Every structure is written in C-alpha cells, then in structure tokens.
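This report concerns only the one structure given below.
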Amino acid sequence: MVIAVRPATPDDAEAIAGIYRPYVEGATVSFETDAPDADEMHKRMLASDGYLPWLVVTEGEAATVMGYAFAGPFRDRPAYRYTIETSVYLAQAALGKGYGRQLYDALIDTVRAQGFAHAIGVITLPNDWSIRLHESVGFKRTGVLREAGYKNGRWIDVGFWQVELNSATIPPKEPKPFSETGMVWNW
C-alpha cells in the first residue's frame, strides 16, 4: 500500500470537508455546529497564505485523501505569533492505521523547521484517542477548562496539551513561512 504525506492543495478541499463533516455533525470533537463545505475549506487553506501548513495523508495508487492536519494561530495578538495550535482529522476508514501519527509527525517536523517555539493541542474531553495521539508526539497536558462549550445537549470540558518545538530564545526568532521550508516526507 502506498502511503504519502504531502502539502494539501485546493483540489483536496472537497475531501477535507468530507473528512471533517462527521466531527462537526455527529460528535463533540469540534465546536463548530455547521459543517463547512469544500469552498469554505478552500478559503481556510488560502487564509494560511503559505505561512502555516496544511498537510494530507493519502493511501493507495489513487492517492485517496485519508486525513489532514494543519497549524493555525494560537491566538490573534502579536505576542502569540511564536506559538501555533495544531489539529489532525482522519477519515473513519483511516482510524487505527497509524495515519494520525504520520500526519502529526510531519506537522510537528514542519512547524519545528519553521522556527515556532511551541504547539498547543486543544482537545474536547473525554477523547482518549486524541490524548494518546498528542502524547505520542511529545505533547504534555497543561490544563483543563471545565464546561467550556455546550454542544449536543451537554457541557464539554476542553483540555490543553503543549509541546516545545524549539527553544524560546530572547529575543525570539521570527518563524519562516511554510512555503520556505522545502519539507518532503516519505513514508
């Protein structure tokens, strides 16, 4: 079986939207309540403007997209620009095959090469699968916000996990755009 991790392209927006839809519509993993369509996912990918990575993992000769990962700003204020928030979503058929770990390894390698200092994983609780995935790539639990969101008829706790990517130097070095990393992954 041919498995590859590569940068996402606009052509992947439909597959990405399809992978994300069940996490919005039938679960509490995402706090969105309306699943974004392919056009909206394409806009989100473009909003990264080559600065923050969007990656996909593909399977087979047809290179079917089985999951995606991306980094986004942790918060909007300038002082947070050295820290990013990460997300990984897999198609139901990809669960338990190690694709999440491959995507996360590639994403962590990429944002580390960009020069970011820290990555934050935000996990709705309970979510043992996501906790195991984050901890398998070095994240450590840093805190929990009790009943931070309300979805599907219940209050949901949100946990924060953090991993150091690079030393927090003084003064900090500006991270470089994803488009300048030249990252290539072979799995």
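The values are calculated or read from the model by the stated rules, or taken from the named source; none is laboratory data. Please read these numbers as outputs of a predicted model, since none were measured by experiment. Note that we place each Cβ from the backbone using ideal geometry, even for glycine, and neighbour counts take in every protein chain shown. For the accessible areas, the whole protein counts, side chains as well, though only heavy atoms, and no ligand, DNA or RNA atoms are used. Shrake-Rupley method; radii C 1.70, N 1.55, O 1.52, S 1.80 Å.
Counting Lys and Arg as +1 and Asp and Glu as -1 over every other residue whose Cβ lies under 13 Å from the Cβ of V163, the net charge comes to -2. A convex hull fitted to the Cα coordinates of region 77-124 yields 85 cubic angstrom per residue.
This model, with +1 at the C-beta of Lys and Arg and -1 at the C-beta of Asp and Glu, gives the chain a dipole about its Cα centre of some 680 debye.
Solvent-free Debye calculation, one equal scatterer per alpha-carbon of region 1-84: log10 I(q)/I(0) at 0.12, 0.13, 0.19 Å⁻¹ equals -0.40, -0.47, -0.93. As a fraction of the 1.4 Å probe accessible area of region 90-187, surface on carbon and sulfur atoms comes out at 51 percent. Over the chain, dividing the summed -39,500 (n - 2.57) contributions of all DSSP H runs of at least 4 residues by the number of residues returns a 222 nm mean residue ellipticity of -8000 deg cm²/dmol. Label positions at R44 and D11, each projected 7 Å from the Cα along the C-beta direction, are separated by 2.2 nm. Loop-located trypsin sites (Lys or Arg not before Pro) across region 54-163 with a Cβ neighbour count of 12 or fewer within 10 Å are R75, with loop assigned by DSSP.
Below 30 Å, Cα to Cα, which lysines can K173 reach? Residues fewer than 8 away in the same chain don't count. Filter leaves K43, K140.
Checking every one of the GluC sites (Glu not before Pro) in region 36-81 against DSSP loop status and a limit of 16 other Cβ atoms within 10 Å picks out E61.
The largest-to-smallest principal axis extents of the Cα set in region 133-181 are 44, 24, 23 Å. Solvent-accessible surface of the chain, averaged per residue with a 1.4 angstrom probe and all protein chains in place: 53 square angstrom.
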